[in-house]
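Below is one structure; the comments refer to it alone.
The values are calculated or read from the model by the stated rules, or taken from the named source; none is laboratory data. In this text the structure is predicted, and so the values were computed from the model without any measurement. Here the Cβ positions follow ideal geometry from the backbone for every residue, glycine too, while neighbour counts run over all protein chains shown.
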Amino acid sequence: MVELAAEKHVRYIITVEKVSYSIRKLTCCPDPLPQYLQKKDAFESVVMEHLRMNGAYWGLTTLDLLGKLHVVDQDEVISWVMECQHESGGFAGNIGHDPHILYTLSAVQVLALFDKLNMLDIEKSVLEGQISAFLVHDDLILIHRAEKNYALGLRSTLTLYSDIASLQNEDGSFSGDMWGEVDTRFSYIAICCLSLLHQLDKIDVEKAVNYIVRCKNLDGGFGATPGGESHAGQIFCCVGALAITGSLHHVDKDLLGWWLCERQVKSGGLNGRPEKLPDVCYSWWVLSSLIMIDRVHWIDREKLIKFILDCQDLEQGGISDRPDDAVDVFHTYFGVAGLSLLEYPGVKAIDPAYALPVDVVNRILLPHD
Ligand code: GRG
């Protein structure tokens, strides 16, 4: 079996990700970059522009899982992340774009990776000297953060938490932004974010759980809304949200475990629902769900590892959806994260509910002295 080309993947991430981190020292890959990766307008960069915050989370978490987070300039990344924050408190996919809860979670996760969640707490950041804040008049605060000034409404600067909470609807569901689309992805995101920020009490958790339970299907899986088809991605969101809120008793573990392990096809790869092609990203959505319900031993571990490794570009680095397809940061992350769940040697452990390295989650959630 081929091995994980970890150094190649690190090199691939830091070249295409382009969250404009300055790379301090690339001791792991000393050769010059291939021509196609030097282009600023490379196809991947252009199509990723609006969801760069997600790309940053995928890329940086991959680097952390491979023990290489230190190759990026953390101040530069944090400064860019904070520039993507809106007055409402939520984050956009890039500077100058509209906020959406999809990007807010990625921003929170990136800050968590660097142990910088305190950047979201204005009062604490001021006290710790990370930012300066000046009250301009009663409802306006001027923030001096990383050599830039931001004028923000006083209420909004203090309320990323209430911004997320404001997206909860009467039936317990969550919208992704002011335009109102409802999806169990957003329930997971709200719960995951607020849990990482120790602010779950800002929402009605019981209603949120009840809504997710309404999205459960007769096959044991979950959909995007009540009655929506079971899909591995939505199952991760619903099971993850139930795990974080201590509500896994609502899951029929044997029934769901059976549906999930049936996602493994002949090649060893996993698909997201019946009759579909396998895709490396389901190594995350399916496996993490199986782990959370204690049924991961129901799939063939070795065959799945082989499938993921067969999707690597062994020359330029990166992982694709299926063998011989073009690589991208999304599949590189979910391939490495899948290997982490499979306890592949040399890859740090990842938490199946929070989708962050276990040491990061422990640092945030375990009580310290
Ligand atoms: C922190 C890991 C993490 C996630 C945040 C955004 C989100 C929460 C979860 C997304 C869950 C989801 C719906 C994943 C599925 C993504 C995907 C590959 C969709 C493709 O769907 P189809 O129908 O593909 O195009 P199939 O494979 O069914 O043919």
Fill in: Exclusive hit being within 16 Å of the ligand (Cβ to nearest atom) and modelled with pLDDT under 85, set 50, 100
50
Worksheet item: Can we say residue 183 is more than 16 Å from the ligand (Cβ to nearest atom) and either under 18 Å from residue 102 (Cα atoms) or charged (D, E, K, R) (or both)?
Response: no
Worksheet item: Of these, 220, 227, which one is part of a loop (DSSP other than H, G, I, E, B) and buried (at least 19 other Cβ atoms within 10 Å of the Cβ)?
Response: 220
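Yes/no matrix, rows are residues, columns are (1) over 24 Å from the mean Cα position of the chain (by Cα); (2) closer than 26 Å to residue 176 by Cα; (3) among the acidic types (Asp, Glu):
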site	(1), (2), (3)
227	yes, yes, no
230	no, yes, no
248	no, yes, no
253	yes, no, no
257	no, no, no
270	no, no, no
275	yes, no, yes
282	no, yes, no
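Yes/no per residue for (1) without any contact (Cβ under 8 Å) to a residue 40 or more places away in the chain; (2) among the small types (Gly, Ala, Ser); (3) assigned to a loop (DSSP other than H, G, I, E, B); (4) more than 30 Å from residue 245 (Cβ to Cβ):
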| position | (1), (2), (3), (4) |
| --- | --- |
| 268 | yes, yes, yes, yes |
| 277 | no, no, yes, yes |
| 305 | no, no, no, yes |
| 325 | yes, no, yes, yes |
Worksheet item: What is the residue count in region 103-123 for residues that are more than 16 Å from the ligand (Cβ to nearest atom) and touching a strand residue (DSSP E or B) at 6+ places or on another chain (Cβ under 8 Å)?
Response: 2
Practice prompt. Identify, from the list 302, 315, the residue that is surrounded by fewer than 20 Cβ atoms within 10 Å (Cβ to Cβ) and touching a helix residue (DSSP H, G or I) at 6+ places or on another chain (Cβ under 8 Å).
Written response: 315
Practice prompt. Taking only region 240-259 into account, find how many residues are part of a helix (DSSP H, G or I) and closer than 13 Å to residue 210 by Cα.
Written response: 5
Practice prompt. Report, by residue number, each residue of region 243-286 that is among the acidic types (Asp, Glu) and away from the ligand (no atom under 13 Å from the Cβ).
Written response: 252, 254, 262
Item to complete: Identify the single condition in (1) without any contact (Cβ under 8 Å) to a residue 12 or more places away in the chain; (2) part of a loop (DSSP other than H, G, I, E, B) that residue 362 does not satisfy, given that it satisfies every other one.
Response: (2)
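Being among the small types (Gly, Ala, Ser) and closer than 17 Å to residue 167 by Cα is the filter here, so list the residues in region 83-105 that pass it.
Correct list: 88, 89, 90, 92.
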